[in-house]
Ligand SMILES: [Zn+2]
């Protein structure tokens, strides 16, 4: 399920730098043998991150999240500049530094604990559930139970129906 750290970084960098031709970059290494740039980068990253945590889901999430304030900061900077732009820039940099610091951290036990808390936490669970609801939207409708706020799944196209919540046993009527 997990890519190696070096694979992740190499893929991340290559898609960021050169989305079309990531497989065609070739460099000549010492022996005169041709070696793909990505392989060299992988070896290098393996050396750098040996015994360290590497990029896990949480670090990748931080890195991706940083892109939004960074982008807005650049746009704002071009339009108006000043204080708000600078604040967003600082936030973006803080997220990037946090992400990198986690990747190079040698306290892998603490980092793995953080990561599993993130992966199993309410934020990611909500996100995954949201994706599930989106993928099933053709055949099902999802309603929040007014009693306990849980999502209930009902088939589409059944007209007006009474929905019974199995958790809190309250009933409500909806058109599907
Ligand atoms: Zn309920």
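Derivation of every value follows stated rules applied to the coordinates shown; laboratory data play no part. This one's a predicted model, so the numbers in the text were calculated from it and none came from an experiment. Glycine also receives a Cβ, built like all others from the backbone with ideal geometry; neighbour counts cover every protein chain displayed.
Taking neighbour counts of Cβ atoms within 10 Å as a proxy for exposure, in what order, fewest first, do 122, 105, 73 appear?
In order of increasing Cβ crowding within 10 Å: 122, 105, 73.
From the square roots a ≥ b ≥ c of the eigenvalues of the alpha-carbon gyration tensor of the stretch 47-161, which class results: rounded (a/c under 1.5), prolate (a/b over b/c), or oblate?
It comes out oblate by the Cα gyration axes.
For the stretch 54-120, just say rounded, prolate or oblate: build the C-alpha gyration tensor, square-root its eigenvalues into a ≥ b ≥ c, call rounded for a/c under 1.5, and beyond that prolate if a/b exceeds b/c, oblate if not.
Taking the square roots of the gyration eigenvalues as a ≥ b ≥ c, the stretch 54-120 is prolate.
What is the distance, in nm, between label points placed 7 Å from the Cα along the Cα-to-Cβ direction at residue 168 and at residue 133?
It works out to 1.5 nm between the two label points.
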